[in-house]
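The values are calculated or read from the model by the stated rules, or taken from the named source; none is laboratory data. Everything numeric here is computed off the predicted structure, so don't read it as measured data. All Cβ positions, glycine included, derive from the backbone under ideal geometry; neighbour counts span all protein chains shown. When the accessible area is computed, the model is the full protein with side chains, heavy atoms only, and any ligands, DNA or RNA have been set aside. Shrake-Rupley method; radii C 1.70, N 1.55, O 1.52, S 1.80 Å.
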Amino acid sequence: MTRLKHEDVVEIPTTLEDYDQQLIRKTGCSLKELAARAAGFHSNIEVNHQAKVAVVPMSCGQGIIEGFAESVAGIISYLGFKAFTTKSWDAGGIAEAIQEGAEVLFMADDERFVAVNVRTAKVSDNGEATGRGYAAGLERMSNGLEGKKVLVLGAGPVGVGAAIALARFRAEVGVYDIEKEPRERLQATLRKLGYRVTIETDLNVALNHYQNIVDACPAENIILLEHITDNTRIAAPGIPLGVEAAGLEKVSTRLLHDPLHIGVATMMFDVL
Ligand code: PYL
């Protein structure tokens, strides 16, 4: 998981409308609809918007990312919930959140970014939720994935979350990871759930073979212009973007990419 920077998040709260319009053009779903779908809600369900949500800045490890808590709260507010960032950080922020009556807390250290519902004890992890949310976005962008081959690049928490969701959409899942052990672990995880996964060991061969890609790895410039056809669709969570600049124009209307939006929105619906 690559650590976000201030410049990755600073404009999120003021660009959510534009972001959502683009998402609707690509997937036919708003951020709210997509996240609710990824979290298993039926699209027409009226969601309890009374939930009060606190985002608690955490100063441990490499410390606070300026604008991170505000961008998380901005996304959650945009979805229609009452979200605020606590004035205090760390333990004081958790206490403040509870005293202010928050039902859901969001907080991130350098290892994990979680949402917790203090009433129901539901927990959602950003990595898995992001993978699931992006798989749902790819499924909508592709008008269904049943029987279609999808390549998952990267077998970490995001890749595993995506692979499970893709298998549930009845896609034919392939996985590539630069290391053998994570891709075999992902294959074993899905096998236990009753799904087959094809392991890809040559990145260039795989990228020339699959038209649908979930880029869940932290590498830059691995999806090149030569790999992109008129039918290529890419779901690329997080920073950096794995598509090289020369390929962006060709795939732009069939590329899902954001630093936080889909993952945070999916987490919110996960813990309702
Ligand atoms: C959750 C993001 C998604 C991609 N990388 C992850 C990351 O940057 N993690 C670190 C988040 C640190 C937040 C800091 C704060 O401002 O509360 N502790």
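So the values come out like this:
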quantity: The stretch 22-64, residues that are surrounded by fewer than 20 Cβ atoms within 10 Å (Cβ to Cβ) and among the polar types (S, T, N, Q); calculated: Q22, S30, S43, N44, N48, Q50, S59, Q62
quantity: The stretch 106-134 - residue that is within 15 Å of the ligand (Cβ to nearest atom) and of a type in the set (K, R) and, of those, surrounded by the fewest Cβ atoms within 10 Å (Cβ to Cβ); calculated: R112
quantity: Cβ-Cβ under 7 Å pairs, at least 6 apart or on other chains, the stretch 50-67 side charged (D, E, K, R), far side outside any loop (DSSP other than H, G, I, E, B); calculated: K52/K82; E66/H6
quantity: Complete set of residues in the stretch 152-164 that are touching a Gly at 6+ places or on another chain (Cβ under 8 Å), crowded, with 24+ Cβ neighbours inside 10 Å and more than 12 Å from A135 (Cβ to Cβ); calculated: L153
quantity: Evaluation of V72 against (1) away from the ligand (no atom under 12 Å from the Cβ); (2) under 12 Å from M268 (Cβ atoms); (3) touching a helix residue (DSSP H, G or I) at 6+ places or on another chain (Cβ under 9 Å) (one fails), failing number; calculated: (1)
quantity: Check on I213, part of a strand (DSSP E or B), in contact with a Gly (Cβ under 9 Å, 6 or more places away or on another chain) and assigned by TED's automatic domain parsing to the domain that holds N143; calculated: yes
quantity: Helices (runs of 4 or more DSSP H) fully within the stretch 53-157 counting 3 or more residues that are in contact with a strand residue (DSSP E or B) (Cβ under 6 Å, 6 or more places away or on another chain), outside the structural domain of R37 (by TED's automatic domain parsing) and not acidic (D, E); calculated: 126-141
quantity: Single residue of E7, E103, E33 found to be closer than 23 Å to V158 by Cβ, away from the ligand (no atom under 16 Å from the Cβ) and of a type outside the set (A, V, I, L, M, F, W, C); calculated: E33
quantity: All positions within the stretch 244-260 that are under 16 Å from L138 (Cα atoms) and open to solvent by 10 Å² or more (accessible area, probe 1.4 Å); calculated: S252, T253, R254, L255, H257
quantity: Residue pairs meeting the criteria (Cβ under 6 Å; at least 6 apart or on separate chains; first more than 18 Å from G131 (Cβ to Cβ), in the stretch 218-239; second open to solvent by less than 60 Å² (accessible area, probe 1.4 Å) and assigned to a loop (DSSP other than H, G, I, E, B)); calculated: E220/P240; N221/E244; L224/E244
quantity: Options G67, G137, G80: the member that is open to solvent by less than 10 Å² (accessible area, probe 1.4 Å) and in contact with a helix residue (DSSP H, G or I) (Cβ under 9 Å, 6 or more places away or on another chain); calculated: G137
quantity: Matching residues in the stretch 126-152 - criterion: being among the charged types (D, E, K, R) and free of Cβ contacts under 8 Å to residues at least 60 places away in the same chain; calculated: E128, E139, E146
